[in-house]
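> Have a look at this one.
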Amino acid sequence: MGGSWLYPDSLVATALVDYEMGGTALNDGSAGLLVQPWACWADGTGDVYIRPLHSPESPTLLFSAPGITEVTFAFDRNMQVAVAYQVAGVVSLRWYDATVPGYVVTELPGIRNPKLTHDDKRDTASASSDVILAYLTGTSLKWRQQRDRYLIEYDWADGILPSLRLKLIGMNRLLRL
């Protein structure tokens, strides 16, 4: 039996608006990832913005990609933001690659309905937690993780009807992803 979603995964996200718990500021993971909820969204022009959910401050423009039809995001332990987005049926992942170092964009052809989360945001899990990208491909639910630089595809479930969509991914109250 599953548990209910932890906040803000319990909020209703849409294709163009996503929510994730995070730290005090972008690029500042010093207080951990359980400080405040954040929102990330794409507007009608393709601009992708982010800010703390309850902040009165202006949002931060992350990047632009005209034609975005889906967006999702998560933070790594350093509060570097990873954003997966879909344009013209092609999913791209914008993430911080420490080997560069800097942000890179990785195209992921053949996948649909991406969802990002940091699997365990608790400070006690910092050595083993990771940013997880879940998605559908064909009739399978698959996932990749940041520690593999999103290069290795793992199987999660098979037999998914092509008409189904992945609604969200996150930690529940039983501390299970």
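The values are calculated or read from the model by the stated rules, or taken from the named source; none is laboratory data. From a predicted model like this one, the values you see are computed outputs, not experimental measurements. Virtual Cβ from ideal backbone geometry, glycine too; neighbours counted across all protein chains shown. When the accessible area is computed, the model is the full protein with side chains, heavy atoms only, and any ligands, DNA or RNA have been set aside. Shrake-Rupley method; radii C 1.70, N 1.55, O 1.52, S 1.80 Å.
> If you place +1 on the Cβ of every Lys and Arg, -1 on the Cβ of every Asp and Glu, and leave all else neutral, what size is the dipole of the stretch 91-177 about its Cα centre, to the nearest 20 Debye?
Dipole magnitude for the stretch 91-177 comes out near 360 debye.
> Could you check the simple spin-label distance between Leu161 and Tyr7, using points 7 Å along Cα→Cβ, in nm with one decimal?
3.4 nm
> Just the projected area, averaged over all directions, of the convex hull on the alpha carbon atoms of the stretch 24-96: how many nm²?
Convex hull of Cα atoms, orientation-averaged projection: 4.7 nm².
> Across the stretch 112-177, what fraction of all alpha-carbon pairs, as a whole percent, falls in each successive 10 Å bin from zero upward?
Pairs per bin, as whole percents: 21, 50, 26, 4.
> Tell me, rounded to the nearest percent, the portion of alpha carbon pairs in the stretch 61-115 spaced more than 17 Å apart.
Tail of the P(r) past 17 Å holds 34 percent of the pairs.
> By average Cβ neighbour count within 10 Å, what is the ranking of 21-28, 81-88, 100-107 from highest down?
Most protected by this proxy first, the peptides run 81-88, 21-28, 100-107.
> Let me ask another. Take Ile160, Ile152 and sort them by solvent-accessible surface of the protein heavy atoms, 1.4 Å probe, largest at the top.
Ile152, Ile160
> Let me ask something additional. Could you work out the per residue convex hull volume over the alpha carbons of the stretch 1-65, in cubic angstrom?
So the per-residue Cα hull volume is 111 Å³.
> When the accessible area of the chain is split by element with a 1.4 Å probe, what percent falls to carbon and sulfur?
55 percent
> Also, I was wondering about something else. Could you tell me the relative contact order of the chain? Use alpha-carbon pairs under 8 Å, at least six residues apart, and round to a whole percent.
Once divided by the residue count of the chain, the mean separation gives 18 percent.
> Does the stretch 1-139 classify as rounded, prolate or oblate by the C-alpha gyration tensor (a ≥ b ≥ c root eigenvalues; a/c under 1.5 gives rounded; else a/b over b/c gives prolate, otherwise oblate)?
Rounded shape, in that the Cα axes give a/c under 1.5.
> Using the heavy atoms of the protein chains and a 1.4 angstrom probe, tell me the accessible area per residue for the chain in square angstrom.
50 Å²
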